[in-house]
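The values are calculated or read from the model by the stated rules, or taken from the named source; none is laboratory data. Note that the structure is predicted; figures quoted are calculated from it, not measured. Heads up, the Cβs are rebuilt from the backbone with ideal geometry, glycines too, and the neighbour counts pull from every protein chain shown. When the accessible area is computed, the model is the full protein with side chains, heavy atoms only, and any ligands, DNA or RNA have been set aside. Shrake-Rupley method; radii C 1.70, N 1.55, O 1.52, S 1.80 Å.
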Amino acid sequence: MLNDDWLQIFKDNNIYDDIKSTLSKVRDVSSGKEIYPAENNIFRALNLTPFKNVKVVILGQDPYHGENEANGLAFSINNGVRITPSLRNIFKELKNDLGIIRNSTDLTEIAKQGVLFLNTILTVEKDRPLSHQNLGWEKITDFIIKYISDNKEGVVFILWGNNARSKKALINQKRNLVIESNHPSPLSASRGFFGSKPFSKTNAYLKEKNQSIIDWSL
């Protein structure tokens, strides 16, 4: 389920047993229930963006809990499913920031460029947001955030909303860039998310660090 890149990191840092334990807890609480994303997509964000390729980390909280929405990447939705309000607002900011109009709600091609769309909780029960809080995912994703920060330089961490911003303490800001704002949800987008220009700021920083920029249109 995990690519060799991340799998070796987890084994070398004694996190692999935590992953097995958390998956076991998820299966225990999920008997007879529908869980998102599909089991083969739980680690999709990590598989699409191996550690060696990470240039940007965008943090979400937990997967979308509606039918057919979650595909293993934070904020990303399977094409053909009605767009969520948060992703609609992300696309509005993308248009205002870079003039890009996105039609695809699936962010896979962006992830392949080195953008890790990481939820801090990797599974959820259908129609029950945060239902898999405190099953162990937070320890694992906190490790991922800190490991990237400690072992790479010039990474952009994009933190939208209070949950994501609470992870700032894990990030070495002398080595990496933190871009933070309110969450893109309708409740808070107009109070600091709109106009924050995270996409152009990210590319400007990557360019400054002599890294290839992200094509947000793909």
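Listed values, structure above:
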{"read-out": "Translational diffusion of the stretch 1-58, µm² s⁻¹ [Kirkwood Rh, Cα pairs; Stokes-Einstein; 10 °C; 1.306 mPa s]", "value": "125"}
{"read-out": "Given 92/167; 20/112; 25/201, the pairs whose alpha carbons are separated by over 29 Å", "value": "25/201"}
{"read-out": "Distance between modelled label sites at residue 39 and residue 190, nm, 7 Å Cα→Cβ extension", "value": "4.5"}
{"read-out": "GNM top mover of 32, 80, 72 - the chain, alpha-carbon springs below 10 Å", "value": "32"}
{"read-out": "Most mobile of 172, 151, 89 in a GNM of the chain (Cα contacts under 10 Å)", "value": "151"}
{"read-out": "Size of electric dipole in the chain: Cβ of Lys, Arg +1 and of Asp, Glu -1, about Cα centre, debye, nearest 20", "value": "660"}
{"read-out": "Volume in Å³ per residue [convex hull over Cα atoms, computed for the stretch 1-126]", "value": "102"}
{"read-out": "Positive-end residue of 177, 3, 66, charge dipole of the chain with Cβ unit charges", "value": "177"}
{"read-out": "Residue 13 paired with residue 208, simple spin-label distance in nm, labels 7 Å along Cα-to-beta-carbon", "value": "2.5"}
{"read-out": "q = 0.16, 0.18, 0.21, 0.22 Å⁻¹, the stretch 117-218: log10 I(q)/I(0) [Debye, one scatterer per Cα]", "value": "-0.82, -1.01, -1.23, -1.27"}
{"read-out": "Solvent-accessible heavy-atom area per residue, rounded to whole Å², over the chain at 1.4 Å", "value": "47"}
{"read-out": "GNM result for the chain, Cα springs below 10 Å: residue of 198, 129, 63 fluctuating most strongly", "value": "129"}
{"read-out": "Spread of Cα-to-Cα distances over 5 Å intervals beginning at zero, given as percent, for the chain", "value": "1, 7, 15, 21, 21, 18, 11, 5, 1, 0, 0"}
{"read-out": "Extended-chain gain in nm, criterion 0.36 nm per residue less alpha-carbon gap, residue 174 and residue 197", "value": "6.1 nm"}
{"read-out": "Cα-centred dipole magnitude for the stretch 42-134, charges only on beta-carbon of K, R (+1) and D, E (-1), debye, nearest 20", "value": "240"}
{"read-out": "Accessible-area order (highest first, 1.4 angstrom probe) of the listed residues 183, 132", "value": "183, 132"}
